[in-house]
1. May I ask you to verify whether residue 602 is over 31 Å from the mean Cα position of the chain (by Cα) and touching a residue at least 12 places away in the same chain (Cβ under 8 Å)?
2. Across the stretch 92-116, which residue is farthest from the ligand (Cβ to nearest atom) among those that are hydrophobic (A, V, I, L, M, F, W, C) and assigned to a loop (DSSP other than H, G, I, E, B)?
3. For the stretch 125-137, state whether one or more residues are more than 12 Å from the ligand (Cβ to nearest atom) and more than 30 Å from residue 291 (Cβ to Cβ).
4. Using the structure shown, decide if residue 440 is farther than 15 Å from residue 609 by Cα and modelled with pLDDT of 80 or more.
5. Considering each residue of the stretch 211-231, count those that are in contact (Cβ under 8 Å) with a residue 24 or more places away in the chain and either farther than 26 Å from residue 255 by Cβ or within 11 Å of the ligand (Cβ to nearest atom) (or both), and give that number.
6. Among residues belonging to the stretch 472-501 that are surrounded by 11 or more Cβ atoms within 10 Å (Cβ to Cβ) and assigned to a loop (DSSP other than H, G, I, E, B), point out the one that is modelled with the highest pLDDT.
7. Need pairs with beta-carbon distance below 6 Å; first residue within 13 Å of residue 59 (Cα to Cα) and within the stretch 232-259, second aromatic (Phe, Trp, Tyr) and surrounded by 13 or more Cβ atoms within 10 Å (Cβ to Cβ); sequence gap 6+ or separate chains.
8. Residue 132 fails exactly one of the following numbered conditions: (1) within 26 Å of the chain's Cα centre (by Cα); (2) buried (at least 20 other Cβ atoms within 10 Å of the Cβ). What is the number of that condition?
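The values are calculated or read from the model by the stated rules, or taken from the named source; none is laboratory data. All values derive from a computational prediction rather than experimental measurement. In this analysis, Cβ positions are derived from the backbone assuming ideal geometry, glycine residues included, and neighbour counts consider all displayed protein chains.
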Amino acid sequence: MTNLSPHPKQVYLDHSATSPLDPEVWNAMEPYFSDSFGNASTLYSLGRKARTAMVKAREQVASLIGAQPNEIYFTSGGTESDNIAIKGISRHLKSKGNHIITSSIEHPAVLETCKHLEKEGFRVTFLPVNEEGIVSLRDLKDVITPETILITVMHANNEIGTIQPIKEIGALAREKGIYFHTDAVQSVGKIPVNVGDMNVDLLSISAHKLYGPKGVGVLYIRRGVQIDPLLHGGGHERGMRPGTENIPGIVGLGKACQIAEENLDHNQEYITQLRDHLIKGVLEAVDDVQLNGHPIKRLPGNAHFSFKKIRGEPLTFLMDAKGVDVSTGSACSTKKVEPSHVLRAMGLDEEAANGSLRVTLGKENTPEDVDLAIKNIKLAVEKLRIPASVQGMTEIVPIERYNASFAPEKSFKTFNPPSTPGLTPGDDEIVVDEQVNLIINEKFRRSFSISPDALEEFTTGYLLGEGLVKSINGIKKIKINSLDINVEIDLTDFDIKDLVVGSDCFGGWRRKIETINRVESEFTLSPDDIFQAIDELRDEARVWQNTGGTHVAGLVYQDKFITREDVSRHVAADKVIGAAALVKVDFSQSFMVYSGRMPADMMIKLARVGIPIIASNAAPTSSGYSVAFKAGITMIGFLRGSRFNIYTNPQRVSLE
Ligand SMILES: Cc1ncc(COP(=O)(O)O)c(C=O)c1O
């Protein structure tokens, strides 16, 4: 087995996204970056050396797929190969017909190319797939017309690993005199690929999926097939793909193909065993899980699951934290929040599509890697399924909230039964937190643990506090869809990098201190106002302290006292800011009271919305103090008996 050295301590299980570079491949490439740097078009020995290396690489690729070397055209990767094949054939044959057939589960390199050709006047049929992700030959037969000039169906799918009946599709295409292209980016080097047996005319390969370098690939074009090249230039690659050749990349691709061919049987068997162990382990260890794709007709290394009641994104974050790299959907679609087009085409419902995880194994993985993945998938899924507020409890008990305002002298160290005199059950019982995802302008941003009853006010406060919107009018829509909060806002003026990150007093805030807003306000208040507000907050906090570690924030505005709590201090502040914004509070005429130490990133949020004063029983943190100083926010801390300390800007508070 080749000794690959992926990222130390991290187990890499995302080989469909890309594979590590095989050290032997690197050794073969390295001289062509240094001493043997020649241009293959030159006549002296340095150039001849580069040419010879290319000849060898062409033979190595051809040998792996059963082609002739002169049928191999080097490109910049899978995307380019797909583009040249599909556009090149279609444009060349435009006078013969304008119909292209593809599948609905292709990689975007094919789908988007076909959609582009629709704009040029071609008609494209996107074939459906069955629930295992396989195209039906009958469907294909039914849609072929005399106008059909090209069929392009991928060999193996990059998300679910399903292998299509390429040989049969190719035979049908040949019988009908239609050209057939297959995107074999995921299959070459992993399962046998033979262009003759498979009846293909064009086939795409990408080096970085088979332990080669990124940015280099191949388009196989069967001898005699004519295409219109995409690029025009110096005639390289027999005019099909001009441009000075990427010799180190080509050498690396050739070497990767040679290694793949020599080890194909062994790797295929070994990785299949690992995969089956993984699939069995996950299906046994986790409840409410399904395997997606075909049970057998799938790539050796591909396992693709859907877990009920969770989303794939937080699952991959947790797996990453546990040292395992896995993907949700395909690498190319991880930035989009829409469920994968492949899973939807297979008929998966939204929950199954959103809760999907792709684990793709490679030759360097070991049974221990797989065991680690099974263990951590189980832990991560269980963790995400338990509401955050009860994580760590051995027993999940319903928590009830009691309204303590009638019995301030009572001890609240333990819960009293509802019949205890002086305590009346509140109508706002504690709601168990849920893991919710915040999706801004269709992009997943963060997930938070929040009680579902506070989603709108929290989101409003978060958007204002993070500076994503300047006023509530900047929020076009907040749509709460079960565990997703979908928000539409105008982000044109906002640099997403300015988001307050984390609740760390020393890391997150420093970067933002230069861009802190200054609070302009003439607001004044009396000590009585402060003590009264702190008393009210204390009553709130007393109720909540039984739940452990809860933070409470309140906003005083005219005769209103708006208060909210949360296990996270920022979220408590976000909720209050949001609730206040929803009732159109003028923040410059309000002040905040808070149960904790007033950290920096909370002060940033106050500054963003323009709250001029904050008071707390506790002392400020030093980071909070620095931000408040820059922002011109007055901090009042250490409220004890009838005294308190004023920080940063005493002239703002008039003590009469
Ligand atoms: C099936 C498939 N086709 C095409 C591509 C694009 O290849 P490249 O990254 O080399 O452009 C990929 C890469 O993810 C793929 O999986």
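1. Against the criterion (over 31 Å from the mean Cα position of the chain (by Cα) and touching a residue at least 12 places away in the same chain (Cβ under 8 Å)), residue 602 does not qualify.
2. Only one residue tops the list, namely 93.
3. No: the stretch 125-137 contains no residue that is more than 12 Å from the ligand (Cβ to nearest atom) and more than 30 Å from residue 291 (Cβ to Cβ).
4. Yes: the conditions hold for residue 440.
5. Number satisfying all stated conditions: 13.
6. Applying the filter and picking the extreme gives 490.
7. 250/74; 251/32; 256/211
8. (2)
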